[in-house]
Amino acid sequence: MNEPISRSLVVHGASILLGFIALGWLLGNYAVRVKKFDRTVVVKGLSEREVPADVAVWPLTFQEASNDLGALFGSLQKKNSLITEFLAGHGIEKDAITVGAPAVTDRFAQSYGDTNNIAYRYTATSTVTVFTNDVEAVRKAMRDVISLGRKGVALSGEGYQGQMQFEFTGLSKLKPEMVEEATKNARAVAEKFAEDSGSRLGRIRSAQQGQFSIENRDSTTPHIKKVRVVSTVEYHLAD
């Protein structure tokens, strides 16, 4: 009776062994297929545009000092009027000009420092701000700003140069065509890679659109902006 049992065990063991061998072959073949399926290439596509700014923000700031508060305000009002007339004379609309409230300091009222050597008790800062879509009118006025100095208006450097801003607000109109261009450029790079590696470009596995950036083209032409976006696309590769 022991001999039939032994034969049965041998047959059973052989069956199990063959099963493991078959399973190993299937898993190995599946792994190869998965590996082939997961062959991908990640590429980036760039799109750039140079566009003119469509908004100008120009604060014109000056300072005054006096020992007579009434005379100080009179001087502020006169110079604000001179600036407003200057801007209007260069084609800047009245609605685009805002005269801000002056910031006045009474140096005698300060609780610190020696007041004996103060030449002027009152100091004031006034700012006239231009906010307009007429960028060219602003640029023309900036080139002639020295004429204000001839009339006694000494603009501070921070007012007419440091804080000058040119902006571009038309990004929403550019986005669709730029994203399309960046994606096409990415595909062209991927197709070249596939060709060089003896593969065929498959479908998109994933795609990511980068952030749009708007920067000055360079430090001397802030009224010209460079808009750019980079798209990252991952493609499947096939033999």
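The values are calculated or read from the model by the stated rules, or taken from the named source; none is laboratory data. Remember, it's a predicted structure, so these values are computed and weren't measured experimentally. Quick reminder, even Gly has a Cβ in these numbers, built from the backbone with ideal geometry, and neighbours come from all protein chains shown.
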* **Check on G210, farther than 29 Å from F131 by Cα and in contact with a His (Cβ under 6 Å, 6 or more places away or on another chain)** => no
* Asked: Quick check, is A194 modelled with pLDDT under 95 and either of a type in the set (G, A, S) or assigned to a helix (DSSP H, G or I) (or both)?
  -> yes
* To do: Under 6 Å between Cβ atoms, at least 6 apart or on separate chains: pull out the pairs that start in segment 122-140 with a residue that is aromatic (F, W, Y) and end on any residue that is at pLDDT 95 or above and in a helix (DSSP H, G or I).
  => Y122/L69; Y122/L72; F131/A96
* Which condition breaks for N185 when tested against (1) within 30 Å of E85 (Cα to Cα); (2) in a helix (DSSP H, G or I); (3) assigned by TED's automatic domain parsing to the domain that holds V43; (4) among the polar types (S, T, N, Q)? -> (1)
* Structure fact -> Counting only residues in segment 213-233 that are out of contact with any helix residue (DSSP H, G or I) (no Cβ under 9 Å at 6 or more places or on another chain) and in a strand (DSSP E or B), the one surrounded by the most Cβ atoms within 10 Å (Cβ to Cβ) is identified as K225
* Asked: Assuming F166 fulfils every condition listed in (1) in a helix (DSSP H, G or I); (2) modelled with pLDDT of 95 or more apart from one, which condition is it?
  -> (1)
* Asked: If you check K173 against the conditions, is it over 24 Å from P52 (Cα atoms) and more than 14 Å from the chain's Cα centre (by Cα)?
  -> no
* Structure fact -> All conditions in (1) closer than 27 Å to I97 by Cβ; (2) surrounded by 12 or more Cβ atoms within 10 Å (Cβ to Cβ) are true of R150 except (2)
* Asked: Of all the residues that make up segment 88-145, how many are touching an Asp or Glu at 6+ places or on another chain (Cβ under 7 Å), among the hydrophobic types (A, V, I, L, M, F, W, C) and closer than 18 Å to A71 by Cα?
  -> 1
